[in-house]
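In what follows, a single structure is set out as structure tokens and then discussed.
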2 protein chains.
Amino acid sequence: MSDTRDKILEIGRRMVQSNGYNALSFREVAAEIGIKSAAVHYHFPTKGDLGGALANKYAQDAQSFCDGLLQSGDTAEKMFRAYTGVFRAALADNNRMCLYGIMAAEYDDLPPGVRVEVDKFTEVNLHFLEALLKRAKPELTSADIGTRALAIFSAIEGAQLVARGRKDITVFDNALAAHQAVGLTF
Amino acid sequence: MSDTRDKILEIGRRMVQSNGYNALSFREVAAEIGIKSAAVHYHFPTKGDLGGALANKYAQDAQSFCDGLLQSGDTAEKMFRAYTGVFRAALADNNRMCLYGIMAAEYDDLPPGVRVEVDKFTEVNLHFLEALLKRAKPELTSADIGTRALAIFSAIEGAQLVARGRKDITVFDNALAAHQAVGLTF
DNA sequence: ACCTGAACACCGTTCAAGT
DNA sequence: ACCTGAACACCGTTCAAGT
């Protein structure tokens, strides 16, 4: 876990969240650190390795965050708002997207090793939402819970996608408010 | 409107829908047609010009489709199902995405000329959904209609994004069914 | 262990030149 | 009007070589 390696991961994550996996450039990452691109390849042999490491770290961070929320003892409403706050923060930070959302859009262009890590992120999020639903809406069947978690997750990702396209964070807020108003979310 | 120009647009559209604007390659387009990449530049001087033309045509086609639906005299439910069917068809066709969705994800990496055309597509879709809402849910205020249209549009785009990431079209169907079940859509 | 220099085949773009 | 050939600066990747 060298210092250089961490810098690569941090700069790489920002690049992907801003412009996508395709726009992730070894030469640009290297230039920002002040080394040569070949040195980046020493830490991450291929672009797929770097992309996979980025997605893996992202999924792992999401896991820790969700676990922390579930153990907080807060209401489902409060946990849900803290959860969506993370997606909102990405938009507030220079119109960035959740790393998952942008990589899902590029999915077919992703190396298999990156796809696996992207899939992990989805699982983490769905499990969190299912746990919330189980607490807040005990009247739902377990099949309905699975479907509803998917519907909520896709609604959040879509709100982020459209808000980014409009460069307007209030689009995100309004979409989520509407989803809540009809009873889709918490 | 030469034959070559049309071929470029068709191949280019498929490339963007599969792998994004960044993966759109003049050399690959040229190779598929059997000409040199410089010849593609004759029709579209820059990549931004080609991307803009693709997004423009996409928005225009959406406009025609939505206009046709609104004039069909069908119920809002039937029109909405025909509308979402287009997004579904993209997924069914080799896990492709709506051109808008993938370009919205890459938004910050897009040349200004492409962004303008991407924005047009959003407007077309929001106007269509607002027209549907006005008919089917006359109890909503005009402010609520705008918010609701945004919420529905983002929910559809998100369902497509997540379904693509999971390479599973039933995710799209289930998410839309859940959105309908809670009364978000029609 | 970590990095550089140089090479490879790719890319968008430009432009003179061909028909 | 439409296309080619050749060049430019970019890209990911490889590998021998340096420390």
* Selected from B:TYR58, B:TYR100, B:ALA89, residue furthest toward positive end of dipole (region B:51-181; charges at beta carbon) -> B:ALA89
* Shortest-first nm distances, B:VAL86 label point to equivalent points in other copies (7 Å, Cα→Cβ) -> 3.4
* Asked: Can you give the angle from 0 to 90° between the axis of helix A:169-181 and the longest principal axis of chain A, with both taken from C-alpha atoms, to the nearest 10?
  -> 30 degrees
* To do: Please work out the FRET efficiency for the pair B:ALA143 and B:SER64, using the Cβ-Cβ distance as r and a Förster radius of 41 Å; give the result to the nearest 0.05.
  => 0.90
* If you put a point 7 Å past Cα along the Cβ direction, how far is that point for A:ARG5 from the same point in each other copy, in nm, smallest first? -> 5.5
* To do: Over all alpha-carbon pairs of region B:20-81, lay out the pair-distance distribution in 5 Å bins, whole %, shortest bin first.
  => 4, 16, 18, 16, 11, 9, 9, 9, 7, 2
* Stokes-Einstein D for region B:60-129 at 4 °C, 1.567 mPa s, Kirkwood Rh over Cα pairs, in µm²/s? -> 98 µm²/s
* Asked: Given a Förster radius of 35 Å and the C-beta distance between A:GLU123 and A:LYS78 as r, what FRET efficiency does 1/(1 + (r/R0)^6) yield to the nearest 0.05?
  -> 0.90
* **Residues of type aspartates and glutamates that B:LYS7 reaches as a straight line, Cα spacing below 14 Å, ignoring anything fewer than 8 places off in the same chain** => B:GLU28, B:GLU32
* If you put +1 on each Lys and Arg Cβ and -1 on each Asp and Glu Cβ, how big is the dipole of region A:51-181 around its Cα centre, in Debye rounded to 20? -> 300 debye
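Defining a contact as two alpha carbons under 8 Å apart and six or more residues distant in sequence, what relative contact order in percent does chain A show?
Numbers: 171 pairs, mean separation 42.2, N = 186.
23 percent.
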* Structure fact -> homo-copy label distances at A:ALA39 (7 angstrom along Cα-Cβ), nm, one dp, ascending, are 4.6
* Would you list B:SER25, B:SER142, B:SER154 from the most to the least accessible area, probe 1.4 Å? -> B:SER142, B:SER25, B:SER154
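Which of the pairs B:LYS57/B:LYS167; A:LYS47/B:LYS47; B:LYS36/B:LYS120; A:LYS57/A:LYS134; A:LYS78/B:LYS134 have their Cα atoms more than 29 Å apart in this structure? Each step should come with its number before you reach the end.
Numbers: B:LYS57/B:LYS167 27 Å; A:LYS47/B:LYS47 24 Å; B:LYS36/B:LYS120 32 Å; A:LYS57/A:LYS134 27 Å; A:LYS78/B:LYS134 33 Å.
With Cα atoms farther than 29 Å apart: B:LYS36/B:LYS120; A:LYS78/B:LYS134.
At 37 °C and 0.692 mPa s, what whole-number value in µm²/s does Stokes-Einstein give for the translational diffusion of the protein assembly as shown, with Rh from the Kirkwood sum over Cα pairs? Could the numbers behind the result be given before it?
Working: Rh = 21.4 Å.
Rounded, D is 154 µm²/s.
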* Between A:ALA38 and A:ASP3, what FRET efficiency follows from the Cβ-Cβ distance if R0 is 22 Å, with the result rounded to 0.05? -> 0.75
* Asked: If one takes the longest principal axis of the Cα atoms in chain B, at what angle in degrees, from 0 to 90 and to the nearest 10, does the Cα axis of helix B:47-70 lie?
  -> 30 degrees
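Given DSSP loops and a limit of at most 14 other Cβ atoms within 10 Å, what is the longest stretch of chain B that contains no such trypsin sites (Lys or Arg not before Pro)? Don't skip to the end; give the middle numbers.
Working: sites that count: B:LYS36, B:LYS167.
Here the longest run is B:37-166.
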* Output ³J(HN,Hα) for region B:150-156: one whole-Hz value per residue in order, computed from phi by the Karplus curve 6.51 cos²θ - 1.76 cosθ + 1.60 with θ = phi - 60°, and x for Gly and Pro. => 4, 5, 5, 4, 5, 5, 5
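Which of rounded, prolate or oblate describes region B:51-181 when judged by the alpha-carbon gyration tensor and an a/c cut-off of 1.5? Walk me through the numbers before you get to the answer.
Numbers: a/c = 1.62, a/b = 1.21, b/c = 1.34.
Judged from the Cα gyration tensor, region B:51-181 comes out oblate (a/c at least 1.5, b/c at or above a/b).
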* Count the net charge of all other residues whose Cβ sits under 11 Å from the Cβ of B:PHE80, scoring Lys and Arg as +1 and Asp and Glu as -1. => +1
* Asked: Using alpha carbon centroids, what distance separates region A:25-74 and region B:34-72, in Å?
  -> 36 Å
* Would you work out which of A:GLY146, A:HIS179, A:GLY165 lies farthest towards the positive end of the dipole of region A:111-186, given +1 charges on the beta-carbon of Lys and Arg and -1 on that of Asp and Glu, about the Cα centre? => A:GLY165
* To do: With a 1.4 Å probe and every protein chain left in place, work out the accessible area per residue of region A:1-156 in Å², rounded to a whole number.
  => 45 Å²
* **Angle between chain B longest axis and helix B:76-92 axis [Cα atoms, degrees, rounded to 10]** => 30 degrees
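Report, in deg cm²/dmol and to the nearest 500, the calculated mean residue ellipticity at 222 nm for the protein assembly as shown, where each DSSP H run with n ≥ 4 adds -39500 (n - 2.57) and the sum is divided by the residue count. Please report the intermediate quantities before stating the final value.
Details: 18 runs with 286 residues, N = 372.
So the calculated ellipticity at 222 nm is -25500 deg cm²/dmol.
The values are calculated or read from the model by the stated rules, or taken from the named source; none is laboratory data. Every value quoted in this text rests on a predicted model; they were computed, and no experiment measured them. Cβ coordinates were reconstructed from backbone atoms using ideal geometry, including for glycine residues, and neighbour counts include every protein chain displayed. We work out accessible area using only protein heavy atoms, side chains counted, and drop any ligands, DNA or RNA first. Shrake-Rupley method; radii C 1.70, N 1.55, O 1.52, S 1.80 Å.
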